[in-house]
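Q: Quick one: the structure is below, questions incoming.
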Amino acid sequence: YDDMAEVAFSADDATRIEATGKRAIYIGMENGFPLGKDLTRVKEFYDRGVRYITLCHSSNNDICDSSTDRDGPEHNGLSKFGKKVVKEMNRQGMIIDVSHISDKSFFDVIKMSKAPVIASHSSVRAIAKHPRNMTDEMIKALAKNGGVIQICLLDDYVKDPDTTTVHYQKMQELRKIYNAEFESMSEEKKDAFRKLWRDTQEKYPKELPTVADYVDHIDHVKNLVGIDYVGIGSDFDGGGGLADCEDVSQMPNITREMVERGYTEKEILKVWGGNFFRVFREVEKLGGNKNL
């Protein structure tokens, strides 16, 4: 569909491609697991068009500890290899994404990275107490680094779940089964479990947070460190969505809520990508420094 979209490789590509009436498609890697322990793969993936790497996902890998690994930390932050990855990503001009990584891993990255970093889809832990979210101390460190936290649309990251509901209790029962047994199930049993999961969610629907709840997170970051360090991160493909923002067609509801709260056009433009592209350009500029 090259008449509709074009792969973008630089921050300036977005402006150029938009001017043609097309969509600019950037490639990111959510989980540095494919690097294995081979540092040359950073450049390999950069050459393939990857412009950011989320250092890990829901579990630990050879780069760093995850915020949600059920077995706890493996490296106490960044591994020795992970520290090399941070330096190499700086050298290549590739954005480091700290969403999903553990608190200790985050502070290790902040200490080492010469370039600003992003949290591509993380929210505020002072509002929703999920380990995937960032504490005020982390947000302050991110701002000092010049980075940006992009608020995630996933319900439990926006608002603490109501643990008294039937939905919550039923889903907790299913999660226990999933964590203990799913990987060892036959394909037939996996299909049956997936159906049970869907049926349970349909029978006991969850009351989702709202866009107003979401913008509370933007307010918090703005009041804590300033408007220059906050953005939007959806995670629609990872379970994200709010009662009044279920897909991209409803994203203008976020802008509407910000307007109603008195955000200026300049501030809204910063949140809707301006801050991210500032980081992107600083990362690109540093990537041209051969002395790193």
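The values are calculated or read from the model by the stated rules, or taken from the named source; none is laboratory data. Note that the structure is predicted; figures quoted are calculated from it, not measured. For neighbour counting, all protein chains shown are included, and Cβ atoms are generated from backbone atoms with ideal geometry for every residue, glycine included. Accessible surface is based on the protein model in full, side chains and every heavy atom, while ligands, DNA and RNA are left aside. Shrake-Rupley method; radii C 1.70, N 1.55, O 1.52, S 1.80 Å.
Q: Based on the mean of other Cβ atoms within 10 Å per residue, sort peptides 126-133, 282-289 so the most packed one is first.
A: Packing order, densest peptide first, comes out as 126-133, 282-289.
Q: Something else about it: Order these peptides, 12-18, 26-32, 88-94, by their mean beta-carbon neighbour count within 10 angstrom, highest first.
A: Result, highest mean Cβ count within 10 Å first: 88-94, 26-32, 12-18.
Q: Follow-up. Please identify the GluC sites (Glu not before Pro) of segment 185-263 that satisfy two criteria: DSSP loop assignment and at most 12 other Cβ atoms within 10 Å. Which are they?
A: When the GluC sites (Glu not before Pro) of segment 185-263 are filtered for loop state and at most 12 Cβ neighbours within 10 Å, Glu207 remain.
Q: Now a separate question. Let me have the 222 nm mean residue ellipticity of the chain computed from DSSP H runs of 4+ only, each contributing -39500 (n - 2.57), with the sum over all residues rounded to the nearest 500.
A: Working: 12 runs with 129 residues, N = 292.
One gets -13500 deg cm²/dmol as the mean residue ellipticity at 222 nm.
Q: Also, I was wondering about something else. Would you mind getting me the FRET efficiency between Thr40 and Asp71? Use the beta-carbon distance for r and R0 = 30 Å, nearest 0.05. Spell out each step's value before the answer.
A: Details: r = 29 Å, r/R0 = 0.97.
The formula returns an efficiency of 0.55 here.
Q: In Å, what Kirkwood hydrodynamic radius results for segment 239-292 from the alpha-carbon pair distances?
A: Kirkwood radius, segment 239-292: 13.5 Å.
Q: Ignoring ligands, DNA and RNA, what percent of the 1.4 Å accessible area of the chain is carbon and sulfur?
A: Solvent-exposed carbon and sulfur of the chain make up 50 percent of the total.
Q: Still on this model: Taking the Cβ of His121 as the centre, find all other residues whose Cβ is under 15 Å away and add up their charges (Lys, Arg: +1; Asp, Glu: -1).
A: Neighbourhood net charge equals -4.
Q: Quick one: accessible area per residue over the chain, 1.4 Å probe, rounded to a whole number of Å²?
A: 53
Q: Estimate the FRET efficiency between Leu174 and Lys285 by the formula 1/(1 + (r/R0)^6), using the beta-carbon distance for r and 41 Å for R0, to the nearest 0.05.
A: 0.30
Q: OK, next. Compute, for segment 182-291, the length of the dipole vector about the Cα centre, with Cβ point charges of +1 (Lys, Arg) and -1 (Asp, Glu) only. Units Debye, rounded to 20. Spell out each step's value before the answer.
A: Details: 16 positive and 22 negative charges, 91 e Å.
Dipole of segment 182-291, to the nearest 20 debye: 440 debye.
Q: Provide the FRET efficiency to the nearest 0.05 for the Ile25-Lys190 pair, computing r from the beta carbons and using R0 = 30 Å. Please list the in-between numbers first.
A: On the way: r = 32 Å, r/R0 = 1.06.
Approximately 0.40, to the nearest 0.05.
Q: Now a separate question. Modelling each spin label as a point 7 Å along the Cα-to-Cβ direction, I'd like the Phe182/Tyr1 distance in nm, to one decimal.
A: Result for the modelled spin labels: 2.8 nm.
Q: Nearest-5 percent of antiparallel DSSP beta bridges in the chain?
A: In the chain, approximately 15 percent of DSSP beta bridges are antiparallel ones.
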